[in-house]
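Below is one structure, written out as structure tokens, with a few remarks after it.
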Amino acid sequence: MLYHLYEMTHAAMTPWRTAAQFNHAVLTHPLNPLSYSLIGKTSAAGLEVFESITRRYGKPTFDLPYTHIDGVSAPVTEKIVWARDFCQLRHFHRDPQTLSAIGGQPDPKVLIVAPMSGHYATLLRGTVEAMMPEHDVYITDWVDARMVPLSKGGFDLDDYIDYVIEMVRFLGPNTHVMAVCQPGPAVLAATALMAEDEDDATPASLIIMGSPIDPRQSPTVPNVLAETKPYDWFENNVVMNVPWPQAGFGRPVYPGFIQLSSFMAMNQDKHVDAHKRYYKNLIKGDGASTQKHREFYEEYLAVMDLTAEFYLQTIDKIFQRHLLPRGELDHRGHIVDPAKITQTALMTVEGEDDDISGIGQTQAAHDLCINIPDPMRTDYVQPSAGHYGVFNGKRWETQIQPRVRDFIRAHDRETPEK
């Protein structure tokens, strides 16, 4: 019922948003004398803020048409190279002629496994952008569950692990896998299963960033919520059926708007202050600040639904029963054993101020992967970085990414160091 109410509210607001857009256009038109007055500027600013907070934000694009390699601009073509009902694998294909002209060695293949936790993979645009100059980059682009017809069947944690294994096998031997946030446990499980099977495509290295490998370590607000609420509470209160006329009509999902509400509630004052500054900057005509605000919230407010079975299993197995660190996580009836990983290098990255995955939650991967030799493992904690700062922003670009790059090259089986 809540999902239907959400849809009806959005529909009911449409005429008001249209009116706000029209009046904003009138008040900001250069031929309108009011556009130069304080009352005109404040009214236009208020209308723009109203429109921005009531709009439904669609799936963003990566919009990365080029990268810079050794000071040379190289065109980039974004391609879907593998696809299933609930995921597409995107490749950021750098122009081979430019690469040939530069004369460098082939760069390592990197699969970035984006989180499927409410936001689109484009949240990792900065991650991709920083990796492209020196890596052959692929990323998982998870599909909004509300757009998948019910006839396509379900998608649970086992399916997620299967998808990861399939994609790594598709890319082939000597692939480096980077798990950002939520996918850490599933990617670690996939790697363990491939190692146990002595799969030739077992990742050359695994980089896990800000991830709940063991949520019992330094529990944060989301961890406490997951543990204090019984499983039935999540099943009965946050799982809903996709309403008509969406393609996934009737599919039980965890709606993205509920996840977004939870995220925003954690930092409510911060978001309120951001919109106050946005309003004031609009009045002042501070174009740079207002554009930065728009870009952030166009990404942050764009959300997707998760299948109910995947969401509930993640709550149950990862956040409530902690099956992975307890050695009890199974994949289709087979116990996952990270101790089977012996030839995959392991790097963990955490943010000192991470309020989603606390200190120690990601580091726990080292305690589970006991048979990886010490020279093939490293751990890094970024000072003063929050959760988002682990994979985006200046600290990621200048301090974390160079360490990730060096780690990948140190353990690449084919590419000589530059």
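The values are calculated or read from the model by the stated rules, or taken from the named source; none is laboratory data. These figures come from a predicted structure and were not determined experimentally. When we count neighbours, we look across all protein chains shown, and the Cβ atoms used for this are built from the backbone with ideal geometry, even at glycine.
Key figures for this structure:
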{"read-out": "One residue from Thr398, Thr378 being in the same structural domain as Asp337 (by TED's automatic domain parsing), surrounded by fewer than 14 Cβ atoms within 10 Å (Cβ to Cβ) and either touching an Asp or Glu at 6+ places or on another chain (Cβ under 6 Å) or not in a loop (DSSP other than H, G, I, E, B) (or both)", "value": "Thr398"}
{"read-out": "Any chance His68 is part of a strand (DSSP E or B) and either surrounded by 21 or more Cβ atoms within 10 Å (Cβ to Cβ) or at pLDDT 95 or above (or both)", "value": "no"}
{"read-out": "Residue list for segment 86-95, restricted to those being assigned to a strand (DSSP E or B) and more than 30 Å from Glu309 (Cα to Cα)", "value": "Phe92, His93, Arg94"}
{"read-out": "So Ile359, is it in a helix (DSSP H, G or I) and either touching a residue at least 12 places away in the same chain (Cβ under 8 Å) or under 27 Å from Phe319 (Cβ atoms) (or both)", "value": "no"}
{"read-out": "Some residue of segment 192-203 being at pLDDT 90 or above and under 21 Å from the mean Cα position of the chain (by Cα)", "value": "yes"}
{"read-out": "Where a residue in segment 43-69 is basic (Lys, Arg) and its partner, wherever it lies, is assigned to a helix (DSSP H, G or I) and exposed (fewer than 15 other Cβ atoms within 10 Å of the Cβ), with Cβ under 9 Å and at least six apart", "value": "Arg56/His10"}
{"read-out": "Single unsatisfied condition, Ala190 versus (1) buried (at least 21 other Cβ atoms within 10 Å of the Cβ); (2) more than 30 Å from Arg413 (Cα to Cα); (3) small (Gly, Ala, Ser)", "value": "(2)"}
{"read-out": "Count of residues meeting criterion [under 18 Å from the mean Cα position of the chain (by Cα) and part of a helix (DSSP H, G or I)] in segment 125-145", "value": "9"}
{"read-out": "Residues of segment 169-180 that turn out to be surrounded by fewer than 24 Cβ atoms within 10 Å (Cβ to Cβ) and either under 15 Å from Asp141 (Cα atoms) or aliphatic (A, V, I, L, M) (or both), as a count", "value": "1"}
{"read-out": "Scan of segment 276-292 for residues that are surrounded by fewer than 18 Cβ atoms within 10 Å (Cβ to Cβ) and either under 23 Å from Arg125 (Cα atoms) or under 19 Å from the mean Cα position of the chain (by Cα) (or both), ordered by number", "value": "Gly287, Ala288, Ser289, Gln291, Lys292"}
{"read-out": "Any pair with Cβ under 8 angstrom, 6 or more apart, that starts in segment 134-159 at a residue that is in the same structural domain as Val113 (by TED's automatic domain parsing) and ends at one that is surrounded by fewer than 16 Cβ atoms within 10 Å (Cβ to Cβ) and aliphatic (A, V, I, L, M)", "value": "Tyr138/Val81; Asp141/Ile80; Arg146/Ala247; Met147/Ala247; Val148/Ala247; Pro149/Ala247"}
{"read-out": "Residue, farthest from Leu89 (Cα to Cα), within segment 146-155, restricted to residues that are in contact with a Lys or Arg (Cβ under 8 Å, 6 or more places away or on another chain) and not in a loop (DSSP other than H, G, I, E, B)", "value": "Leu150"}
{"read-out": "Inter-residue pairs, beta-carbon under 8 Å, first among the hydrophobic types (A, V, I, L, M, F, W, C) and in segment 269-296, second exposed (fewer than 12 other Cβ atoms within 10 Å of the Cβ) and in a helix (DSSP H, G or I), 6+ apart", "value": "Ile283/Leu38"}
{"read-out": "Lone unmet requirement of (1) closer than 13 Å to Ile213 by Cα; (2) touching a residue at least 60 places away in the same chain (Cβ under 8 Å) for His366", "value": "(2)"}
{"read-out": "Residue among Thr378, Thr398, Thr344, Thr314 that alone is farther than 30 Å from Thr54 by Cα, of a type in the set (Val, Ile, Thr) and in contact with a Pro (Cβ under 8 Å, 6 or more places away or on another chain)", "value": "Thr344"}
{"read-out": "Matching residues in segment 162-181 - criterion: being under 22 Å from Gln401 (Cα atoms) and part of a loop (DSSP other than H, G, I, E, B)", "value": "Asn174, Cys181"}
{"read-out": "Only one of Ser211, Ser205, Ser261 that is assigned by TED's automatic domain parsing to the domain that holds Met347 and within 27 Å of Glu299 (Cβ to Cβ)", "value": "Ser211"}
{"read-out": "Residues (in contact (Cβ under 8 Å) with a residue 40 or more places away in the chain, under 28 Å from Ala385 (Cα atoms) and in a helix (DSSP H, G or I)) located in segment 187-235", "value": "Val187, Leu188, Ala189, Thr191, Val221, Pro222, Asn223, Ala226, Glu227"}
{"read-out": "Subset of segment 96-124 [in a loop (DSSP other than H, G, I, E, B), more than 19 Å from Arg409 (Cβ to Cβ) and more than 26 Å from the chain's Cα centre (by Cα)]", "value": "none"}
{"read-out": "Residue count for segment 223-238, restricted to those that are under 30 Å from Pro149 (Cα atoms) and crowded, with 19+ Cβ neighbours inside 10 Å", "value": "3"}
